[in-house]
1. If the Cβ limit is 7 Å and pairs must be 6+ apart or interchain, which residue in the stretch 149-170 that is under 17 Å from Ala120 (Cβ atoms) pairs with which residue that is β-branched (Val, Ile, Thr) and modelled with pLDDT of 85 or more?
2. How many residues, within the stretch 120-148, are surrounded by 15 or more Cβ atoms within 10 Å (Cβ to Cβ) and assigned to a helix (DSSP H, G or I)?
3. Which of (1) modelled with pLDDT under 85; (2) over 20 Å from Arg54 (Cβ atoms) is the odd one out, the single condition His115 does not satisfy?
4. Take the stretch 7-23 and flag every residue that is in a loop (DSSP other than H, G, I, E, B) and modelled with pLDDT under 85.
5. For the list (1) closer than 29 Å to Ala168 by Cβ; (2) modelled with pLDDT of 70 or more, I need the number of the one condition that Phe73 fails.
6. Scan the stretch 79-119 residue by residue and report those that are assigned to a helix (DSSP H, G or I), under 24 Å from Leu174 (Cβ atoms), out of contact with any Phe, Trp or Tyr (no Cβ under 8 Å at 6 or more places or on another chain) and not aromatic (Phe, Trp, Tyr).
Amino acid sequence: MSDDTPDDQINDQERALFRQAMAGTRKLVQDDNIVPHHITSADDRQRQQAKRKRQAATSHLKQTHREHASHPFSSQFEPALPEGIMKYTADGANPYLTKQLRRGDFSPDLMVDLHGLTQAEAQQDLAAAVTQCIKQQGFCLNVIHGVGSGVLRQRVPGWLMQHPEVIAFHQAPLEWGGQGALLVLLKSTLLDWRDTDQA
């Protein structure tokens, strides 16, 4: 039997099979209630609220600190960056920290988005973000450099390696930007970051 078969061409055996298959079922009542598209779940609302807070914090950070931040970065410094996944551990820091960053054991206390900035602006914003994170007693910073043409993606790790407060960084997990971002750990009294195996 095809789907196009009119009711008057269905034989008695097919009707009996259909009734047998449908035994014990009842007709669904049409629900006229339509959920408006703008209503979201509690999880969606929390995600949107967190996103708005991050955007507001980033915007405030740029407005307040760009002009006043001094930075320890040299554009002449070109470190030997690792091939593949971007990661770094400062001398004297526990090498296990980069693994913890990779696994997502740390959540960022602050986020800075460097998309579309010149190198000079990016240096200022990065220095301001590190300063602000420390001032807020945070120790994990999400630095979004993007992938784009790769200029900031290549420069940001070198700048971070020069900063005296940076103890480790790793390419961010996907939920924090993946290849377009770094999770950065800063020196903090709240974090046991020293390598106890060093003599």
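1. Val156/Val143; Leu160/Val166; Leu160/Val184; His163/Val130
2. Initial filter on the stretch 120-148 (surrounded by 15 or more Cβ atoms within 10 Å (Cβ to Cβ)): 122-134, 138-146.
Cutting the leftovers down to assigned to a helix (DSSP H, G or I) gives us 122-134.
Selection size over the stretch 120-148: 13.
3. Going through the list (1) modelled with pLDDT under 85; (2) over 20 Å from Arg54 (Cβ atoms), His115 breaks only (2).
4. Answer for the stretch 7-23, where residues must be in a loop (DSSP other than H, G, I, E, B) and modelled with pLDDT under 85: just Ile10.
5. Answer for Phe73: the failing condition is (2).
6. Keep residues of the stretch 79-119 that are assigned to a helix (DSSP H, G or I), which gives 96-103, 119.
So of that shortlist, the ones also under 24 Å from Leu174 (Cβ atoms) come out as 96-103.
Among the residues that remain, those that are also out of contact with any Phe, Trp or Tyr (no Cβ under 8 Å at 6 or more places or on another chain) are: 96, 99, 102-103.
Once the filter is applied, which keeps residues that are assigned to a helix (DSSP H, G or I), under 24 Å from Leu174 (Cβ atoms), out of contact with any Phe, Trp or Tyr (no Cβ under 8 Å at 6 or more places or on another chain) and not aromatic (Phe, Trp, Tyr), the stretch 79-119 yields Lys99, Arg102, Arg103.
The values are calculated or read from the model by the stated rules, or taken from the named source; none is laboratory data. Given the structure is predicted, the values throughout are model-derived calculations rather than measurements. All Cβ positions, glycine included, derive from the backbone under ideal geometry; neighbour counts span all protein chains shown.
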